[in-house]
Structures are given as C-alpha cells and as structure tokens.
Amino acid sequence: MYHPLPEPRNHRKTILTNNMTTHLQREIEHLKNKLLELSAEVERSLSFAGKSLVDLDIRIAREVIEGDDRIDEDEVNIEEECLKILALYQPVAADLRFVIAVLKINADLERMGDLAVNICRYVIEIDKLGRVPVPTDFAEMCRRVQTLVSLSTESFLRRDVLVATEVLRLDKEIDRLNLKLIENIRSDIAKPGANVNALLYLFTATRTLERIGDYATNVAEDVFYMVEGQIIRHKNHGNTEK
C-alpha cells in the first residue's frame, strides 16, 4: 500500500503564511470599505448641516442630530475591526501603517460628525433667539469645507499624497474665509439693536466649520504616514490661524 510522504514542515509553514496573508488582505479591503461608508455618512451629515445653517432650517438640523447615532456606532465597529486585525494578524510595514491610519482617520471622521451636529444645535438656538441674516460667505465656507473633506477621503482611497497635499493647501483658504466671516459677524454685533446672542452662535458656527477643515487636514496627514511612513503632523503647512 502506498503511503504518501508527509509534507515538509517548511512547506506547511509556507502554506499557512500564504493563507494568513490572503485573509489579512481581505480584512484590509473590508476595513477600507467600512471606512469609506463612514466617510460618506459624515459627508452627507456635513452637507445637510451646511444647508441647515445657510437656510436656518431647523427641520434639517434635527434630522442631522438624530442621525448621529449611526455615525457613532460605525466608528466603534471600525475601531473594533482594527483592533481585531492587529491582534490576529500582527501586520507589519505598509499593512500596519494602513491599519494605524484607519484608526486615526476613523476617529477624525467621527469628530467631524459631532461638529456637524454642533452646528445644527446652533441653528436651533438661533431659531429660539430670533432669526438673524446669515452672511452670504457662509454658503461658500460650507462648500469649501465639504470639498476638503471629500478630497481627504479621496486621498485615502487612492493613497495619493498629491491629493493630500492639495487638502493642506485648500485648508489655508478656509482659514482666510473664516477670518473674513468673523470680521463680518463682529461688525454686525456692533450695530445698534443687534441680536447679539444669535450672532454669537453664528460666530461659533464659523469657528466650528474651520475646525472641521482642520480634521480633514489630519486625514491628509495620515495619508502621508500611510503611504510614505512620514509623520508630518505639527509641521507648519502655512497656517497662521489655529
């Protein structure tokens, strides 16, 4: 009777390693898709938050606030997926940088969602205090912030440091527009009979939009780390107002 020879130990080890690598790449692809889904949810929340602010629409504002639980839940699930991959597969080099970047981007996206909710809460408070004219530059500010967030996600998806660099450049424009809005609101506050409390909420809203732009630049910085292993956080990108 023929008895097949046992496979060499090194051969079995190679098969096991290949299987682990295959499973790891599947998990990484799944993780990427989950993060993109979260990003889409956050971008949608930011879009509606911007509309609620420009139009002072409290119905839209309440819808954004109610939808924040989904973003929070997805953020927790993605974090758990990252920790599982780190524990089971112990990735190295580019795979390790990818998982670490996802952990950080995941937290930044969730925070953007929180800030979108904050803007909607300001809208509701303004409605209670008495509606005030919203400076026309707010529409442009909201549009640019949404573009910045979208580009930061694109840079992650494509692992493209050139797009990430564009995000850093565009953030400077948002900073300048933020300063312009602040000056306009200060001028309105100084006018006789101004609804100061309501205008202060607009003041806080523009600062919140600027902060969302900062989180988008965090994502771009994480793309540099993921692709090149280069940490550029805290380096001067030309921003003077933080």
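Taken together, the values in this text are just the output of simple stated rules run on the coordinates, not laboratory data. Just so it is clear, the model here is predicted, and its values are computed rather than measured. FYI the Cβ positions are ideal-geometry reconstructions off the backbone, even for glycines, and counts take in every protein chain you see.
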Based on the mean of other Cβ atoms within 10 Å per residue, sort peptides 194-204, 65-75 so the most packed one is first.
-> 194-204, 65-75
For the chain, the count of lysine pairs 8 or more apart or interchain whose alpha-carbon atoms are under 22 Å apart comes to 15
Ranked from highest to lowest mean number of other Cβ atoms within 10 Å per residue, what is the order of the peptides 181-190, 106-115?
-> 106-115, 181-190
Rounded to the nearest 20 debye, dipole of region 10-228 from Cβ charges on Lys, Arg, Asp, Glu | 280
Work through the residues other than residue 104 whose Cβ is under 10 Å from its Cβ and net out their charges, Lys, Arg +1 and Asp, Glu -1.
-> -2
In terms of the charge dipole of region 10-228, which places +1 on Lys and Arg and -1 on Asp and Glu at the beta carbon, the residue among 162, 94, 48 farthest towards the positive end is 162
Least to most buried among 210, 80, 27, 125 (fewest other Cβ within 10 Å first) = 80, 125, 27, 210
Listed candidates (1) 13.7; (2) 13.0; (3) 16.4 - label of the one calculated as mean projected area of the Cα convex hull in nm² = (3)
